[in-house]
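Visitor: Quick one: the structure is below, questions incoming.
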Amino acid sequence: VHKQFIDLPTLYLKWPSVTDVTDIEQAKFLFRLANTQFKKALEFLVIDGYVTDHSRLKKDIADLYKYLILMETNQARIYAMYERRRESLEPIVDVINPEAYEALWTELSIELVNILHEMFDLKYAELKHAKKMPKKGQFDLLNSYGNGVLKHGLAVAIKLETLKELGDRDTYIQAIIN
């Protein structure tokens, strides 16, 4: 039997002991450490051949930003992190087959809907409190977020509607939400 082994020496790094992250600098340090390792893994686990692993790594990267956002206070940085989350997940959702990777596609689509919704809310609040009238491009950006929420949300709703038995659908929906 031919077996393939992968030696990833960076996995043998001495990781810091984490009990509680108390400030943004600690969170950024851990973020950089984890993000670097995820990106190294993505170099090997490409989407063509490792769809599930690649998608999970991209979701994990998006989650790194999600948790870093909780500690960030700068609105511009928060918005940029949401943009990075969107950039991590949107290409995956658009590429993978929702029939072959039903649960994964649904989970990533729901996460993408939440990201686009948050981006819409952030940009809307920024424009609402701006001193001057927003430009057409800013409204177009809001519309693109809203359209993305509708596009991906409707695709998930249609997918869930195809489940035949109501009990199965409720269980499935609850599993995806959790």
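Visitor: Return the residues of the range 64-114 that are more than 17 Å from K151 (Cα to Cα) and among the aromatic types (F, W, Y); say none if nothing qualifies.
Guide: Passing the criteria: Y65, Y67, Y79, Y82, Y101.
Visitor: Among the residues of the range 74-90, count how many are in contact (Cβ under 8 Å) with a residue 12 or more places away in the chain and either open to solvent by 40 Å² or more (accessible area, probe 1.4 Å) or not hydroxyl-bearing (S, T, Y) (or both). Let's see the steps before the verdict.
Guide: Restricting attention to the range 74-90, the residues satisfying the condition of being in contact (Cβ under 8 Å) with a residue 12 or more places away in the chain are 75, 78-79, 81-86, 88-90.
Filter once more, so that each one left must be either open to solvent by 40 Å² or more (accessible area, probe 1.4 Å) or not hydroxyl-bearing (S, T, Y) (or both): 75, 78-79, 81, 83-86, 89-90.
Qualifying residue count for the region: 10.
Visitor: Residues in the range 44-52: is at least one closer than 24 Å to G148 by Cα and in a helix (DSSP H, G or I)? Spell out the reasoning first.
Guide: Within the range 44-52, the first condition is being closer than 24 Å to G148 by Cα, and the residues that meet it are 47, 51-52.
Then drop every residue that is not in a helix (DSSP H, G or I), which leaves 51-52.
Among the residues of the range 44-52, at least one is closer than 24 Å to G148 by Cα and in a helix (DSSP H, G or I), which makes the answer yes.
Visitor: Which residues, taken from the range 109-156, are within 24 Å of R56 (Cβ to Cβ) and either small (G, A, S) or touching a residue at least 40 places away in the same chain (Cβ under 8 Å) (or both)?
Guide: Just the residues of the range 109-156 that are within 24 Å of R56 (Cβ to Cβ), to begin with: 109-119, 148-149, 151-153, 155-156.
S109, I110, E111, L112, V113, I115, M119, G148, H152, G153, A155, V156, listed by residue number.
Visitor: In this structure, does N114 turn out to be among the polar types (S, T, N, Q) and at pLDDT 95 or above?
Guide: Working: among the polar types (S, T, N, Q): yes; at pLDDT 95 or above: yes.
Taking the combined requirement at face value, the residue satisfies it.
The values are calculated or read from the model by the stated rules, or taken from the named source; none is laboratory data. Here the structure is a predicted model, which means the values were calculated and not measured. Positions of Cβ are backbone-derived with ideal geometry, glycine not excepted, and every protein chain shown enters the neighbour counts. Just so you know, the surface numbers come from the protein's heavy atoms only, side chains and all, with ligands and any DNA or RNA stripped out. Shrake-Rupley method; radii C 1.70, N 1.55, O 1.52, S 1.80 Å.
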